[in-house]
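Colleague: Handing you this structure, nothing more for now.
The values are calculated or read from the model by the stated rules, or taken from the named source; none is laboratory data. Being a predicted model, the structure only gives us computed values, none of them experimental. Every residue, glycine as well, gets a Cβ built from its backbone with ideal geometry; the counts of neighbours run over all protein chains shown. Ligands, DNA and RNA are excluded from the accessible area calculation, which covers all protein heavy atoms including side chains. Shrake-Rupley method; radii C 1.70, N 1.55, O 1.52, S 1.80 Å.
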Amino acid sequence: MEQLLRQIKLLSEKEPKTLEQMVLKLTEEVGETSQAILSYLKANGSEYKQLGIHEVKEECVDVILVTLALFYKVAENENELQELIITKMDKWQRKM
């Protein structure tokens, strides 16, 4: 997983989009994930797309990739991602 994160970080450094453009891209990917979920669940008006669980997973990965690229654009150091994930997971767990 560390190697994948390093590759994503390297790719994010080459990403020409501005922060604003990346946030817009992220919202686009979240919308596509929503569409895939609605289609997968055969929600009224969405079933015609005939998307399955594989497409849902692909859209989730798109959200993850764009989010990580955006994070790496603003991150201050290599350990920041892990530190923040641990902090947020602890908070999440306390709320359960």
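Colleague: Give me the number: length gained by fully extending residue 84 to residue 23, i.e. 0.36 nm times residue separation minus the C-alpha to C-alpha distance, one decimal in nm.
Modeller: Between residue 84 and residue 23, full extension yields 20.0 nm more.
Colleague: Give me the percent of the accessible area of the chain that comes from carbon and sulfur atoms, probe 1.4 Å, all protein chains in place.
Modeller: 59
Colleague: Return one number: the angle in degrees, 0 to 90 and rounded to the nearest 10, between the long axis of the Cα atoms of helix 19-40 and the longest principal axis of the Cα atoms of the chain.
Modeller: 40
Colleague: What net charge do the residues around residue 82 carry, taking every other residue with its C-beta under 14 Å from that of residue 82, with Lys and Arg at +1 and Asp and Glu at -1?
Modeller: -3
Colleague: Moving on to the next point. Ignoring solvent entirely, what values of log10 I(q)/I(0) come out of the Debye formula for the chain at 0.10 Å⁻¹ when each Cα is a single scatterer?
Modeller: With one equal scatterer per Cα and no solvent, log10 I(q)/I(0) is -0.36.
Colleague: If Lys and Arg each add +1 and Asp and Glu each add -1, what is the summed charge of the other residues whose beta carbon sits under 14 Å from the beta carbon of residue 16?
Modeller: Taking every Cβ under 14 Å from that of residue 16, the sum is +1.
Colleague: Here's a follow-up. Using alpha carbons only, how many angstrom separate the centre of the range 29-96 from the centre of the range 1-21?
Modeller: About 16 Å separates the Cα centre of the range 29-96 from the one of the range 1-21.
Colleague: Hey, what angle do you get for helix 80-95 against the long axis of the chain, alpha-carbon based, 0 to 90 degrees rounded to 10?
Modeller: Approximately 60 degrees, to the nearest 10.
Colleague: A further question on this structure: Mind checking which aspartates and glutamates have their Cα closer than 17 Å to the Cα of residue 17? Skip sequence neighbours fewer than 8 apart in that chain.
Modeller: 28, 29, 62
Colleague: List the pairs from 9/42; 57/95; 49/95 whose alpha-carbon separation is above 30 Å, in the order I gave them.
Modeller: Going by Cα-Cα distance, 9/42; 49/95 fall outside the 30 Å limit.
Colleague: Would you work out the relative contact order for the chain, in percent, from Cα pairs under 8 angstrom that are 6 or more residues apart?
Modeller: Relative contact order for the chain comes out at 32 percent.
Colleague: Let me ask you something else. Any idea of the accessible area per residue across the range 1-94, 1.4 Å probe, to the nearest Å²?
Modeller: 78
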